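We did not get these values from a lab; they are worked out from the coordinates using the rules stated. Everything numeric here is computed off the predicted structure, so don't read it as measured data. Glycine gets a Cβ as well: all are built from the backbone with ideal geometry, and neighbour counts include every protein chain shown.
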Amino acid sequence: MKYLLLKHYRGGPDRVVDFPPLDQWEPRAVDAHIRFMQEFARRLEGSGEFVSEQALSPEGAFVRFDGEGRPPVTDGPFAETKDLIAGWMVIDVESWERALELAGELSAAPGPDGEPIYEWLEVRPFLTALPTFTQ
């Protein structure tokens, strides 16, 4: 079963963030954080549970269709992923419990002071079948 692990800029359900954005960290702290992520991914490659990962740039736009012949509308009134999502990892594991276990480990990446940041991660299963609707 494949799962998407989303890393957020703004913390989790309680929106508590106890560390500044990554672009305000000392270079050595950024290197340690990235190295942790890379080592985590290598370990999952070895166990066959790693699919892919990518950090995201904060630039981007929220876009929607605004009618034939009209330019798309950008930067609407809603929160945008460029403000929320820092990156993602796709894993392929045997169970929901294993996905949660790995997300918990990934949450302990080092922060600006070298200590684990206990970052909230969103865990989402890939849709494996279309939902069925009854009338």
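Charged neighbours of Ala108, selected by a Cβ distance under 13 Å, balance to -4 (K, R count +1; D, E count -1). Amide H contacts under 5 Å for Ala109: Ile117, Tyr118, Glu119, restricted to partners 5 or more places along the chain or on a different chain, H placed in the peptide plane at 1.01 Å from N. Here the label points at Arg28 and Met1, each 7 Å from Cα along the C-beta direction, are separated by 4.3 nm in the simple model.
Near Tyr3, once Lys and Arg are set to +1 and Asp and Glu to -1 for all other residues with Cβ below 13 Å from its Cβ, the sum equals -4. The Cβ shell under 10 Å around Pro72 holds other residues with a net charge of +1, Lys and Arg each +1, Asp and Glu each -1.
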